[in-house]
There are 2 protein chains.
Amino acid sequence: MDYKLTQSSRFDSTPFTSRNALAGVSSYTIYNKTLLPTIFNSYEEDYHHLINHVQMWDVSCQKIIEIKGPDALNFLRYVSCRNFETIDKFKCYYTPMTDFNGGLLNDTLVYFIDNDTVWVSISDSDMLMWFSGLLVNANHNVEIKKRDIYTIALQGPKAIKLTEELIDKKILSLSFFSFDFFNFKNTQVLVSKTGYSKQGGFEFLFDNAKIACEFWDFIIEEGKPFYIKVGCPNMIERVENALLSYGNDMTSRDTPYDCSLGKYCSIDMSYDFVGKNSLTKYINNFEKKNIFHVFFGENDLKIKSKLKCYDDQKEIGEITSIIFSPKFKKNMGFMIAYKKDTSTDKSKKYFVNTEQGLIQATILNLS
Amino acid sequence: MDYKLTQSSRFDSTPFTSRNALAGVSSYTIYNKTLLPTIFNSYEEDYHHLINHVQMWDVSCQKIIEIKGPDALNFLRYVSCRNFETIDKFKCYYTPMTDFNGGLLNDTLVYFIDNDTVWVSISDSDMLMWFSGLLVNANHNVEIKKRDIYTIALQGPKAIKLTEELIDKKILSLSFFSFDFFNFKNTQVLVSKTGYSKQGGFEFLFDNAKIACEFWDFIIEEGKPFYIKVGCPNMIERVENALLSYGNDMTSRDTPYDCSLGKYCSIDMSYDFVGKNSLTKYINNFEKKNIFHVFFGENDLKIKSKLKCYDDQKEIGEITSIIFSPKFKKNMGFMIAYKKDTSTDKSKKYFVNTEQGLIQATILNLS
């Protein structure tokens with residue numbers, strides 16, 4: 001079921017909201033108290049366009065929290081599960097952050113600008129409240145605030161060619177998860193080779209709404225030969241490609257180790273971080289959970305909510321972000337299985353409890 | 001403009017969501033990541049019913065954070081601007097909470113259950129993140145967590161009579177902003193004489209979704225002689241009656257003293273709280289802001305966003321939560337004026353900048 005949403009000052013529109021409307025956005029979500037388009041034509045049509053061409057997205061909901069001051073790097077270390085004993089300028093770092101008990105609070109993207117300046121691009125939870133609470137009694141000489149940054153993503157197989165032609169050939173030298181500053185209309189724009197799809201592309205972070213809108217209009221016009229469309233992060237594309245969504249697929253009830261994010265975490269660094277003790281105990285003493293892809297049914301079941309998955313009579317987990325995959329011709333979603341050693345053997349029979357009754361399912365590791 | 005909202009697991013429905021749908025809810029907002037109905041028939045129709053009869057509201061979005069442990073009261077003191085040198089069990093306290101700089105983080109309702117147990121009912125900001133951050137380095141022996149509480153409000157001039165007849169005559173002895181436990185189907189239910197309207201009534205806090213739904217159905221059936229309807233907090237009623245909404249009318253850029261909440265604050269208690277130093281400096285050294293009612297235009301201008309207010313050429317503030325008041329036959333809203341001593345003299349001419357041009361306005365203190 002979809003809902004009608006009353007306009008409110010408790011959530012933000014963005015400089016691009018009217019442009020999304022012009023481009024025919026049909027549905028939104030609220031993400032970090034900001035409007036984020038979810039559908040233009042349909043999940044399926046948007047998906048096929050995204051994986052074949054190039055789309056421009058308003059992802060201003062990826063709020064930027066700036067940590068600024070002589071202790072910026074130390075504060076970053078204090079709040080991150082990722083090992084930042086060494087860190088490189090002009091690099092982006094996918095960084096889980098946890099609470100005192102090791103529960104995941106956010107899967108962030110850290111922009112290391114310089115020793116005094118760190119930007120944290122957050123998924124959907126209020127990390128400014130968390131950082132501000134921590135800072136009251138932590139002895140870090142930093143200022144922490146939300147920056148008014150307006151982010152445009154160009155994503156899709158043609159995104160790189162388009163960007164190269166229109167912005168600067170130098171952009172080709174950006175490696176995956178790095179960033180640099182480029183010139184647009186005499187304004188410095190932060191461009192990172194990142195984005196919430198597996199189709200390739202860039203994200204453009206503007207601190208000036210007017211310039212950002214001029215960039216938007218410029219790209220729409222010049223992108224026509226590339227068959228560019230205004231789009232948004234696509235649920236089908238992200239689920240097929242194992243891109244998790246905080247709040248949907250994992251929450252503070254999970255540690256990073258329960259949902260495939262252990263590879264971005266360490267407990268071996270010399271310094272302490274919030275949650276390090278708890279995560280150390282968890283790794284050494286407790287049976288961990290693990291996240292899988294679950295596939296079931298060959299017709300689109302149009303499922304809009306979570307479903308439970310069973311091994312014989314026993315519930316083994318809950319399936320989230322369920323879509324029908326055009327690629328695999330199956331319904332599929334993510335599942336944090338209560339047991340890490342859940343078998344992915346193809347002969348193993350699992351069942352999903354749907355409105356149409358029990359349907360057989362297969363489980364695969366995230367690739 | 002209203003938006004279509006895509007269903008997502010990043011926000012919660014409530015045990016009553018299907019019942020709201022049955023009752024004909026037409027629009028929602030997202031409040032504390034939870035669905036909150038905003039309109040059933042129309043703001044105006046809902047308003048007239050509310051001020052004449054009795055409504056049942058699903059306000060489960062008023063999330064309850066429980067502070068539990070030997071230091072519960074000390075932690076409450078640490079995070080509250082309100083003077084809790086003395087505090088009474090079974091009382092509710094409207095309590096502003098601020099950040100380190102004295103910026104308002106939330107206007108909460110505190111339920112003081114006992115020395116070990118405090119419930120904080122929050123408006124729309126993630127106070128669990130704030131409390132959890134503070135707790136990491138504060139030496140308070142407490143556990144803090146979100147409780148799964150499902151809250152029903154009965155509001156309207158007939159709410160008290162209805163409740164008395166159906167629940168327990170003892171409920172009549174509850175004074176304003178006090179609470180007690182009552183029996184419904186052999187379950188203890190917390191009932192407080194509170195609610196987000198000025199029409200009178202109660203709030204019922206259930207920790208059992210099944211019992212809560214049985215209560216809902218019972219009230220719908222037995223409330224028929226009272227012409228009960230399912231409703232929701234009504235924007236017209238709250239603006240006419242000076243009930244502020246955090247995130248709409250005041251934010252973390254305002255101190256409690258800037259928006260009429262100074263009367264719930266103190267800097268004279270013997271203990272320290274987060275923001276006390278900053279608020280003390282602010283009170284003694286800075287020119288404060290103040291919040292007013294602004295009235296303008298005699299036809300419903302159907303305004304959906306904030307508007308700026310001017311004294312001659314000078315902007316004096318921004319008007320929020322604008323509605324057309326059936327009572328005053330004017331458009332009206334709130335304004336935090338940049339200067340506390342903004343004149344409310346009736347001869348003084350102010351102007352609001354609308355799409356129809358400048359319209360003359362009057363300013364009044366909140367009554």
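The values are calculated or read from the model by the stated rules, or taken from the named source; none is laboratory data. The shown structure was predicted, so the numbers you read here are calculated from the model rather than taken from an experiment. Positions of Cβ are generated from backbone atoms using ideal geometry, with glycine treated the same way; all protein chains shown enter the neighbour counts. Keep in mind that these areas ignore ligands, DNA and RNA; they rest on the heavy atoms of the full protein, side chains included. Shrake-Rupley method; radii C 1.70, N 1.55, O 1.52, S 1.80 Å.
So the values come out like this:
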| quantity | calculated |
| --- | --- |
| Calculated FRET value between A:Phe218 and B:Asn353, using beta carbons and R₀ = 25 Å, to 0.05 | 0.20 |
| Segment A:327-367-segment B:195-259 distance, computed between alpha-carbon centres (Å) | 42 Å |
| Average other protein chain Cβ within 10 Å of Cβ, residues B:121-132 | 5 |
| Å² of accessible area per residue within segment B:221-343, as computed with a 1.4 Å probe and no ligands counted | 46 Å² |
| Axis-proximal residue, chain A, for the rotation superposing A on B (Cβ, Å) | A:Gly133, 1 |
| Lone cysteines, chain B (no partner Cβ under 4.7 Å) | B:Cys61, B:Cys92, B:Cys213, B:Cys232, B:Cys259, B:Cys309 |
| Unit charges on C-beta of K, R, D, E only; dipole of segment A:240-365, Debye | 120 debye |
| Cα centroid of segment B:1-65 to Cα centroid of segment A:276-313, whole Å | 31 Å |
| As computed over the protein assembly as shown, the Cα convex hull volume per residue (Å³) | 178 Å³ |
| Cβ crowding within 10 Å averaged over residues, with A:183-189, B:4-10 ranked highest first | B:4-10, A:183-189 |
| Solvent-accessible area per residue for segment B:16-100 (1.4 angstrom probe, square angstrom) | 34 Å² |
| Evaluated over segment B:242-365, the Cα radius of gyration and Dmax, each in Å | 15.9, 53 |
| Cβ-placed point charges (K, R +1; D, E -1), dipole of chain A about Cα centre in debye, nearest 20 | 460 debye |
| Percent accessible area from carbon and sulfur atoms, segment B:242-365, protein chains only, probe 1.4 Å | 46 percent |
| Violating pairs (Cα-Cα greater than 25 angstrom) within the set A:Lys308/A:Lys349; A:Lys306/B:Lys33; A:Lys210/B:Lys306; A:Lys224/A:Lys330; B:Lys314/B:Lys340; A:Lys68/B:Lys146 | A:Lys224/A:Lys330; A:Lys68/B:Lys146 |
| Buried accessible area, chains B and A (both chains, 1.4 Å probe, Å² to nearest 100) | 4200 Å² |
| Mean Kyte hydropathy of 1.6 or more with a Cα span along the axis of at least 27 Å, helices from DSSP in chain B | none |
| Inter-copy spacing of A:Ser278 label points, which lie 7 Å from Cα along Cα→Cβ, given in nm from shortest upward | 2.5 |
| Peptides B:14-23, A:128-137, A:34-43 ordered by average Cβ neighbours within 10 Å, highest first | A:128-137, A:34-43, B:14-23 |
| Across the identical copies, how the B:Leu172 labels are spaced - nm, sorted shortest first, 7 Å along Cα→Cβ | 8.6 |
| Residue-averaged beta-carbon neighbours from other chains (10 angstrom radius) around A:135-143 | 3 |
| Unit charges at the beta carbon, dipole of segment A:240-365: most positive-side option, A:Tyr257, A:Asn284, A:Ser270 | A:Tyr257 |
| Chain A: relative contact order as a whole-number percent, Cα under 8 Å and 6+ apart | 17 percent |
| Other-copy label distances relative to A:Gln360, 7 angstrom Cα-Cβ extension, nm | 8.0 |
| Spacing of the two label points (7 Å from each Cα toward its C-beta) at B:Asp12 and B:Lys169, in nm | 3.7 nm |
| Dipole moment magnitude, nearest 20 debye, segment B:1-149 about Cα centre, only Lys, Arg, Asp, Glu C-beta charged | 280 debye |
| Nonlocal amide H pairs with B:Thr98, under 5 Å, H built at 1.01 Å | B:Cys81, B:Leu105 |
| Zero-based 10 Å bins, Cα pair distances in segment B:54-126, whole percents | 19, 52, 24, 5, 0 |
| Accessible carbon and sulfur surface of segment A:83-142 relative to its total accessible area, %, 1.4 Å | 45 percent |
| Exercise: per-residue mean of other protein chain Cβ atoms within 10 Å, B:27-33 | 5 |
| Shielded residues, segment A:226-271 - accessible-area loss of 40 Å² or more between chain alone and all protein chains, probe 1.4 Å | A:Asn248 |
| Model label zone, B:Ser270; criterion: amide N under 14 Å from point 7 Å along Cα-to-beta-carbon; scope segment B:81-95 | B:84-87 |
| Förster radius 60 Å - calculated FRET efficiency between A:Glu143 and A:Lys306, Cβ distance, rounded to 0.05 | 0.90 |
| Derived scalar couplings ³J(HN,Hα) [segment B:292-300; Karplus, 6.51 cos²θ - 1.76 cosθ + 1.60; whole Hz; x for Gly, Pro] | 9, 8, 10, 10, 7, x, 9, 10, 5 |
| Cβ-derived FRET efficiency at R0 35 Å, A:Glu44 paired with A:Ile283, nearest 0.05 | 0.30 |
